[in-house]
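The structure under discussion appears below in the form of structure tokens.
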Amino acid sequence: MIDFKKFELDNGLKIIFNKDETTPVVSLNILYNVGAKDENPKQTGLAHLFEHLMFTGSVNIPNYDNPLEKVGGKNNAFTNNDITNFYLTVPKQNIETAFWLESDRMNQLAFSQKKLDIQKNVVIEEFKETCLNQPYGDIWLLLRPLAYKIHPYQWATIGKKISHIQSVDMQDAKAFFKKYYCPDNAIMTITGNLEFEYVKNLSEKWFGPIKKGGNNKKNIPAEPKQTKARRLAVESDVPFDAIYKAYKMCNRTDKKFYTTDLISDILSNGRSSRLYKQLVKKQKLFSDIDAYHLGSIDKGLFVISGKIIKGVKIEKAEESVNKELDKIKQNFVKEQELNKVKNKIESTLIFSEINGTNRAMNLAFAELIDDASLVNKEIDNYRKVTLKQIKEQANLLFNETNCSTLYYLAKK
């Protein structure tokens with residue numbers, strides 16, 4: 001059980017505090033409710049670019065990293081299709097440095113053409129390295145637009161193409177910052193051995209004067225139900241054929257999410273999982289195979305992906321996958337098998353709470369999608385899943401009309 005207290009500043013910044021007396025280190029996390037899905041379809045990759053820009057210095061602090069490193073702190077960040085998240089750790093006696101740094105860049109990020117150009121080049125090189133010059137690197141550039149036709153999940157966090165990043169100008173950057181990097185579009189979590197009133201005072205002192213944005217309402221178009229199987233085949237200079245099957249699934253707050261998550265573990269969590277035992281070890285059709293979901297806030301994707309052994313026809317490999325999915329659709333899984341994956345997830349959740357940074361992230365994300373108290377209900381939500389629900393959800397999920405299939409073929 002994670003104990004926490006919540007409050008909100010007049011400018012809309014939500015703050016969650018978790019007292020942890022076991023560590024001399026404080027974790028501070030700021031989640032901004034902006035990701036790739038909030039971008040203009042004609043200018044994608046901006047949320048990821050902005051994650052980079054947030055480290056280029058603010059008006060009063062030209063270099064973000066130096067002051068933090070001088071007081072023993074560390075930091076990092078990530079962006080995905082739903083959120084942008086910044087996190088740091090610092091010795092508790094230096095926590096005010098963290099408040100100073102984070103509040104100043106939320107309030108007064110320093111913009112310059114030189115900094116913008118440098119970070120655009122960094123992101124463009126990252127695009128080339130991860131998507132264009134790496135085997136299988138363009139998978140999500142192909143699979144997302146195959147699976148999504150309306151919802152902005154149709155492009156990856158890195159963006160659709162390099163020209164979109166190249167086109168970002170100073171006006172675009174400032175407008176994006178003003179709209180999304182504001183207190184009423186953020187959740188701040190602090191976990192550490194501090195007093196609640198002290199955290200409240202620091203929050204008011206450093207973040208209270210920042211004006212709210214007020215123009216960050218979302219209007220994300222819903223993806224229509226898929227009623228027809230979609231298929232795409234491409235050839236590339238890769239060592240092995242690969243297959244990717246993406247099924248539409250429920251959103252993160254749907255109760256069926258927990259059932260779907262357990263299904264992914266039944267299929268592919270470890271060497272005793274169904275897909276590995278049957279298709280890698282026994283039938284020797286795949287060199288590796290995985291089943292996972294993207295954890296999206298809106299309706300997401302459940303993906304089965306695998307590299308196929310040379311000499312095996314891709315059609316045969318796909319047929320073998322479908323047979324395994326039919327088994328979980330037609331027959332109840334054994335209670336022992338379900339309990340095994342439930343126990344794995346429970347231990348993962350418990351161990352993740354030991355780390356203050358993870359705890360801060362989990363509280364912020366739970367608050368965004370529902371309420372911070374969700375972190376204390378997750379284990380029970382998994383425990384409640386029944387054998388009947390697994391079978392029912394598998395039948396809803398694994399339907400070819402609900403599937404987008406990518407054949408990624410090695411050039412002959």
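The values are calculated or read from the model by the stated rules, or taken from the named source; none is laboratory data. Quantities reported herein were computed from a predicted structural model and do not represent experimental measurements. Ideal geometry is used to build each Cβ from the backbone, glycine not excepted, and the neighbour counts take in all protein chains shown.
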Going through (1) in contact with a helix residue (DSSP H, G or I) (Cβ under 8 Å, 6 or more places away or on another chain); (2) among the aliphatic types (A, V, I, L, M); (3) under 30 Å from Phe7 (Cα atoms) one by one, Leu368 fails only at (1)
Helices (runs of 4 or more DSSP H) wholly inside the range 110-208 containing at least 3 residues that are under 20 Å from the mean Cα position of the chain (by Cα) and not hydroxyl-bearing (Ser, Thr, Tyr): 113-127, 139-147
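For the range 209-248, which positions are assigned to a loop (DSSP other than H, G, I, E, B) and β-branched (Val, Ile, Thr)? Before you say what the answer is, go through the steps one by one.
Pass one, the range 209-248, residues assigned to a loop (DSSP other than H, G, I, E, B): 209-229, 237-241.
Within the range 209-248, Ile210, Ile220, Thr227, Val238 qualify.
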Meets criteria (β-branched (Val, Ile, Thr), in contact with a Pro (Cβ under 6 Å, 6 or more places away or on another chain) and in contact (Cβ under 8 Å) with a residue 60 or more places away in the chain) for Ile150: yes
Mind checking which residues of the range 14-52 are closer than 20 Å to Thr89 by Cα and either within 19 Å of the chain's Cα centre (by Cα) or assigned to a helix (DSSP H, G or I) (or both)? Leu28, Asn29, Ile30, Leu31, Tyr32, Glu51, His52
Tabulated pairs, the range 376-394, first within 15 Å of Asn343 (Cα to Cα), second part of a helix (DSSP H, G or I) and hydroxyl-bearing (Ser, Thr, Tyr), C-beta under 6 angstrom, 6+ apart or interchain: Asn381/Tyr258; Tyr382/Tyr258; Val385/Tyr258; Val385/Thr259
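Conditions tested, residue by residue: (1) of a type in the set (Gly, Ala, Ser); (2) farther than 22 Å from Ile118 by Cα; (3) part of a loop (DSSP other than H, G, I, E, B); (4) modelled with pLDDT of 95 or more.
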| position | (1), (2), (3), (4) |
| --- | --- |
| Met1 | no, yes, yes, no |
| Leu68 | no, yes, no, yes |
| Phe78 | no, no, no, yes |
| Asn81 | no, yes, yes, yes |
| Thr89 | no, yes, no, yes |
Check the range 161-176 and report whether any residue there is under 26 Å from Gly300 (Cα atoms), surrounded by fewer than 21 Cβ atoms within 10 Å (Cβ to Cβ) and at pLDDT 95 or above. yes
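May I ask you to list the residues in the range 147-159 that are of a type outside the set (A, V, I, L, M) and touching a helix residue (DSSP H, G or I) at 6+ places or on another chain (Cβ under 7 Å)? Steps first, answer last, please.
We begin by selecting, within the range 147-159, every residue of a type outside the set (A, V, I, L, M); these are 148-149, 151-155, 157, 159.
Across the range 147-159, the qualifying residues are Tyr148, Pro152, Tyr153, Gln154, Trp155, Thr157, Gly159.
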Would it be correct to say that Ile309 is over 17 Å from Arg274 (Cα atoms), more than 24 Å from the chain's Cα centre (by Cα) and either in the same structural domain as Ile263 (by TED's automatic domain parsing) or at pLDDT 95 or above (or both)? yes
Just checking, does the range 27-35 include any residue being within 22 Å of Arg105 (Cα to Cα) and without any contact (Cβ under 8 Å) to a residue 60 or more places away in the chain? no
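Looking at the range 116-123, is at least one residue farther than 17 Å from Ala47 by Cα and out of contact with any helix residue (DSSP H, G or I) (no Cβ under 8 Å at 6 or more places or on another chain)? Steps first, answer last, please.
Let us first name the residues in the range 116-123 that are farther than 17 Å from Ala47 by Cα, namely none.
No, there is no match, as no residue in the range 116-123 is farther than 17 Å from Ala47 by Cα and out of contact with any helix residue (DSSP H, G or I) (no Cβ under 8 Å at 6 or more places or on another chain).
For the range 264-290, give me each residue that is of a type outside the set (Ser, Thr, Tyr), closer than 23 Å to Asn362 by Cα and at pLDDT 95 or above. Give the derivation first.
Filtering the range 264-290 for residues of a type outside the set (Ser, Thr, Tyr) gives 265-267, 269-271, 274-275, 277-286, 288-290.
Applying the additional criterion that residues be closer than 23 Å to Asn362 by Cα yields 265, 269.
Hit for the range 264-290 is Asp265, nothing else.
If only one of Phe302, Phe398 is in contact with a His (Cβ under 6 Å, 6 or more places away or on another chain) and over 30 Å from Gly73 (Cα atoms), which one is it? I'd like the intermediate steps shown before the answer.
Working: Phe398 fails: in contact with a His (Cβ under 6 Å, 6 or more places away or on another chain).
The match here is Phe302.
Given the structure, is Asp82 out of contact with any Asp or Glu (no Cβ under 8 Å at 6 or more places or on another chain) and charged (D, E, K, R)?
Values: out of contact with any Asp or Glu (no Cβ under 8 Å at 6 or more places or on another chain): no; charged (D, E, K, R): yes.
Taking the combined requirement at face value, the residue does not satisfy it.
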Given (1) modelled with pLDDT of 95 or more; (2) touching a helix residue (DSSP H, G or I) at 6+ places or on another chain (Cβ under 7 Å); (3) not β-branched (Val, Ile, Thr), number of the condition Gly213 does not satisfy: (1)
